[in-house]
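**Student:** Provided herewith is a single structure, encoded as structure tokens, for subsequent inquiry.
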Amino acid sequence: MPKAVIMLSDNDVARAYHALVVALSARALGYDVHLFATGLGSLVFSRRPKTRLIGLPFFASLYIKWKLRRLGAKSLEELATECIKNGVKIYVDEPVAKMLGVKPREGVEMAGSLTFLSLARDAELVLTF
């Protein structure tokens, strides 16, 4: 089975959304998918997820989130749950998680950079968001 490794290093809604959609798409195509969240991306997979739209005023962020819901787009939390249910292996960077006080949600493991490098070394596809 081909392997895809995805790194999410930001908790920007657009980047996290695309990372999760690509992970689900790769899984549907038969890839063994590993998603590694580091930096602020770790917050997306915490028990209390935190997301933001970088560089936009508060009301613009609310408008975009409202528009996505109106279009029927799933929330990041729903996409993360779908990834876990569909066999996407999700890791949060352990040192970063400890520094930010992140407790990973159920189905998410803590790992370090050696895990990411080991997974990426023999992957057919490596993407970063």
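**Student:** Cβ under 15 Å from VAL33's Cβ, VAL33 left aside: what net charge do those residues give with Lys, Arg +1 and Asp, Glu -1?
**Tutor:** -1
**Student:** Just to be sure I understand: of the beta bridges DSSP finds with both ends in the chain, what percent are antiparallel, rounded to 5?
**Tutor:** Once the DSSP bridges in the chain are tallied, antiparallel ones form about 5 percent.
**Student:** Under a 1.4 Å probe, what is the accessible area of the range 47-129 per residue, stated in Å²?
**Tutor:** Value for the range 47-129: 71 Å² per residue.
**Student:** Shifting gears a bit: Where the accessible area of the chain is counted over protein heavy atoms with a 1.4 Å probe, how much of it, in %, is carbon and sulfur?
**Tutor:** Carbon and sulfur: 58 percent of the exposed surface of the chain.
**Student:** Between ARG48 and LEU127, what FRET efficiency follows from the Cβ-Cβ distance if R0 is 25 Å, with the result rounded to 0.05?
**Tutor:** Plugging the Cβ-Cβ distance into 1/(1 + (r/R0)^6) gives 0.40.
**Student:** Sequence neighbours fewer than 8 away in the same chain don't count; with that in mind, list the lysines whose C-alpha is under 29 Å from LYS103.
**Tutor:** Output for LYS103: LYS3, LYS50, LYS65, LYS74, LYS85, LYS89.
**Student:** Please grab the % of Cα pairs in the chain that end up more than 17 Å from each other.
**Tutor:** For the chain, the share of Cα pairs beyond 17 Å comes to 56 percent.
**Student:** Run the paramagnetic zone check for ASN86: 7 angstrom along Cα to Cβ, then residues of the range 97-129 with backbone nitrogen under 20 Å.
**Tutor:** Under cut-off, by backbone N: 105-109, 124-129.
The values are calculated or read from the model by the stated rules, or taken from the named source; none is laboratory data. Owing to the predicted nature of the structure, the values given are computational and were not obtained by experimental measurement. Backbone-built Cβ (ideal geometry, glycine too); neighbour counts: all protein chains shown. These area figures cover heavy atoms from the full protein model, side chains too; ligands, DNA and RNA do not enter into them. Shrake-Rupley method; radii C 1.70, N 1.55, O 1.52, S 1.80 Å.
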